[in-house]
Structures are given as structure tokens and as C-alpha cells.
Amino acid sequence: MDRLVMNDLVKWKNKSNRKPLMLLGVRQCGKTYIAKQFGKEYFENVAYFNFEGNKALSSLFDYNLDVNRIISELNSFVAGERIVPGKTLLIFDEIQSSPNAITSLKYFCEDMPRLHIIAAGSLLGVSLNREELSFPVGKVERITMYPLSFKEFVIANGDGDYINALDSMDNKREIPELYTEPLRKHLLNYYIIGGMPAAVVAWINTHSYEEVESIQSNIIEDYENDFAKYAPIKEVPKIRQIWHSIPEQLAKDNNKFVFSHVKKGGRARELEDALEWLIDAGLVYKLKLVEEPELPLSYMADDSSFKVFMSDVGLLRYRSNVYYKTILEGDDRYIRFKGAIAENYVLTELVNNSMSSYYWRSGNQAEVDFISEYNGYMIPIEVKSAENTRAKSFASFIAKYKPRFGFKVSLKNIGDNQVKDTLVYNLPLYMLWKIKKYISN
């Protein structure tokens, strides 16, 4: 399965001042697969080591952190070819299980810079925030992987030609029906299946929604097992409570995350560490409120008011018990949660585009779903799950703050109009992967 992150790995490989690479990302998003595939395609050989449950391997890093000794002893684990700088890709998987191995990356950077090292871990984000860890500051690079984006999903389903055609098409041209109908179908299926590689592979191989849901059930179970296995014991019940409350909170009209909705009488100071664990694990995203949108938006964000979304829209759909036929057939009784799924999808696409995002609310009168920042521009984004793009709050935001660009994202075809000083684009939900091109052009 092709993943766009491969381009970033190749750039890393060819850098003259390259450092060991940390490959971060939620469990089961494809980190191990892509690291091995990268090694197979771009190196003479691959040396793969998994630290999870492997005390013998971890013990090699407990004696000292002399990288020549470590490589010499690692060679005894490798069948066949030896680890050779410049020719071998060395993969340390689930490296969070060995804090000393994480620390060793500093010495590999300093004493063996020609050796290509990828350190990956499903809960590496959690481990890096542990105070007792001696982290190699300034001695590693980071790339974060996510579940398959919508663009990757379409390519995986054999319709990469649609992506190539739309990528080269003039931005102002209305998209022909030849493309709109297949892409709408892919979008509905993406809402159901999401981007977890195992679920996507199951869909490609079987085209069975039931088989996909079986995979999604296993993924959810694995995630919840991780709570008990890796989280602090006292935080586990709170993590479960927050995790289970997310679909319910997104279904509300306001959909602001409220700690008292997690459990009766729940307060931020009691539950916020558990929420941060889920964020560090990559399982959820926090979308903070910005009431006074000035650049940089990160300095204007309100940490006490936010929404919480899941890192994969397919898992949100499954955990919310939304029947797949309800999405395919557009049942009217699903209108409210349909908006939540569309918003969750948009956020994951913005994350995949490396666009930091927030939301805007003016008291209880107006709200814009997303405000993103890119290349010095503040970009409001209004999300509609169907073709109706009327948005009073969006118009209020533009009139008050006069951004250079704005986007209405819906199922409506391409179009744009000038609203005083703001150029407003209608961008189809299935074209969100092109948003940076629209901004740049």
C-alpha cells in the first residue's frame, strides 16, 4: 500500500546533516510496515529490532551507551548481512519500551552519523513526555504518521488516476461529474472505513463492511488494552471514561468537551491528565477555542475551552454505533451526527496537511468550525455535510476580521466569490487534500 510519508522518508535519507529519525503515530497506523518497506526499497539491507517484551534486547543498552559496542552486539542478533553505516537501515521498533535505547540515539547521532536509524513506537508520544526520560534533545528528527488520508484511501482503492487528474486541473474549473460521483462514493466509504491500514486492506480484499467492522472492533479492543498496559494505574478508569464519552460529546449541538459530561461531578483538574494521555498516544485531537483571532493563533487559544475529536473517522463512526447503511443511504434521523462525522473528517485532513487548527466562537451567537494558519494567513473554514453552504456565522467572521481567504467545505462543486476583501472558495469535502494549493495560488 502506497503511503505519502514515503516521500518524507526519502528526503530524510538524502539529507547531509541527517539525524536519527523518530517515527511517531497512533498504534496500527502503519509505522512498522512503512519503515520496513522504505528499507527494502532504498537500502541494501534492513536490521529490524522490536523492543516490546524483549528484555534481552533492552539489556544491550543497560551496560553503557557506546554505539560501537551496541552495534557489535546487535550484529549477533542479525541473521546474514551485518549492520553497515550507509548501507543498512536500522529500525528500532516499540523503542518506548527501552528508555536507554531512546537515550542512545544522542550517541548514534554524534558518534555514528552515517548510520540510518528509524526509531518507531506506538506510544512513543506518551513516553517522550515522561519526566524521568533522558531525551536526546536536538539529536533526533521527527516525522508523525497518521491513518490513511482520504487521498491515500482513493489511491489504495485503485483510483489514483482521479487524484492525478484533479491535481493537475485548474483550481477554478468546476469538477466534471466523471469525478464527482466516484469521489462522493469514496467519501461515504471513507466515513465508514476510515484510514486504519488493516481496515482499508480488509475493504479492498473483501468489500465487506462486516469484515471492516470486525477489524475496527479489534483495533478498539487493542487500544483499550493499551490503557491498562501502559497508562498509570490511577489514570486508567479516567482514560476509559473520557474515551467512551467522545462520541456522545460530539453529538451535542455545542459539541464543546465538558468534563462534567465524562462523569457526574467531573472536573478538569481531576481528568485532564487522562485526556492528555489520550492526546499523547495520538488517539484523539484537541481543537481549542480562539475568541480573538490574531496571528499566531496558538498564542490566542483558550486551553480551558475545546472540542475533542478522534484520530480516525472510521473508528469514530464504529464507536458511535452508526450503521454503515445509515451513512450510505443518508437517513434523515442521522442529520446531527452527520455533521460531527464531517467535522472529524475535516480535522483529520487538516492534520494530514500539517495545518494547525482551532475554532472560533463569539459568545453563544456565532461559531466557525475551523480556523487554520498557513504561510502567515488566517483561514476560516466552515463545514457542511451536504450541499447547503449558507453560513451566517461564517459571514459574520469575515465581516469582522476580513481574512484574505476563506473556505466553505461541503458537497457543493468548486466555486468562489469575493466577499469584500475576502476570497471565499467552495471546496468539495473530497477535495480538501488540495487546500494548500488553493491558498498558494
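Can you compute the equivalent ellipsoid semi-axes for the stretch 6-132, i.e. the square root of 5 times each eigenvalue of the Cα gyration tensor, sorted largest first and rounded to whole Å? Walk me through the numbers before you get to the answer.
Working: eigenvalues 76, 67, 42 Å².
Three semi-axes, in Å: 20, 18, 15.
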Residue-wise, which Karplus ³J(HN,Hα) couplings in Hz belong to the stretch 385-394, taking 6.51 cos²θ - 1.76 cosθ + 1.60, θ = phi - 60°, and x for glycine or proline? 7, 10, 9, 5, 10, 5, 8, 5, 5, 4
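Over the chain, what percent of the accessible surface lies on carbon and sulfur atoms, probe 1.4 Å?
Working: 9060 of 19920 Å².
Whole-percent figure for carbon plus sulfur exposure: 45.
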Cross-link partners of Lys264 among lysines (Cα-Cα below 16 Å; sequence separation of 8 or more within a chain): Lys238
Convex hull volume of the Cα atoms in the stretch 180-227, per residue, in Å³? 68
Would you kindly give the portion of the calculated P(r) for the stretch 341-406 that falls above 14 Å, as a percent of all Cα pairs? 58
List the lysines whose Cα lies under 16 Å from the Cα of Lys106, skipping any in the same chain that are fewer than 8 positions away. Lys19, Lys139
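Give the value in nm², to one decimal: projected area of the alpha carbon convex hull of the chain, averaged over all directions.
If I average the Cα hull's projected area over directions, I get 22.3 nm².
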Per-residue counts of other Cβ atoms within 10 Å, averaged by peptide: what ranking do you get for 17-27, 296-306, 210-220, 113-123, highest first? 113-123, 17-27, 210-220, 296-306
In whole Hz, the Karplus estimates of ³J(HN,Hα) for the stretch 398-407 (6.51, -1.76, 1.60; θ = phi - 60°; x where Gly or Pro) are 4, 5, 7, 10, 6, x, 5, 10, x, 10
Violating pairs (Cα-Cα greater than 24 angstrom) within the set Lys151/Lys172; Lys172/Lys400; Lys229/Lys338: Lys172/Lys400; Lys229/Lys338
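Grab the Cα-Cα distance for Ser440 and Leu4, subtract it from 0.36 nm times how many residues apart they are, and report the gain in nm with one decimal.
154.9 nm
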From the square roots a ≥ b ≥ c of the eigenvalues of the alpha-carbon gyration tensor of the stretch 303-366, which class results: rounded (a/c under 1.5), prolate (a/b over b/c), or oblate? oblate
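Given the rule -39500 (n - 2.57) for each run of at least 4 DSSP H residues, summed and divided by the residues of the chain, what is its mean residue ellipticity at 222 nm, to the nearest 500 deg cm²/dmol?
Numbers: 18 runs with 193 residues, N = 441.
That calculation yields -13000 deg cm²/dmol at 222 nm.
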Long-range amide H partners of Met22, meaning residues 5 or more apart or on another chain whose placed amide H is closer than 5 Å, are Ala119, Glu141, Arg142, Ile143
Based on C-alpha coordinates, I'd like the Rg and Dmax of the stretch 1-79, in Å. 14.4, 40
Leading residue at positive end of dipole, the chain (Cβ point charges), from Pro428, Thr326, Ser16: Pro428
Amide H neighbours of Ala47 under 5 Å, at least 5 residues apart or on other chains, H built in the peptide plane: list them. Leu89, Leu90, Ile91
Using amide H atoms built 1.01 Å from N in the peptide plane, name the residues 5+ places from Phe77, or on other chains, whose amide H lies under 5 Å from its own. none
Quick check: residue separation of Ile204 and Asn50 times 0.36 nm, minus the Cα distance between them. What number comes out in nm? 52.6 nm
Heavy-atom accessible area per residue, the chain, 1.4 Å probe: how many Å²? 45
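The values are calculated or read from the model by the stated rules, or taken from the named source; none is laboratory data. These numbers come from a predicted model, not from an experiment. Virtual Cβ from ideal backbone geometry, glycine too; neighbours counted across all protein chains shown. Areas reflect the complete protein model, heavy atoms only, side chains present, ligands, DNA and RNA absent. Shrake-Rupley method; radii C 1.70, N 1.55, O 1.52, S 1.80 Å.
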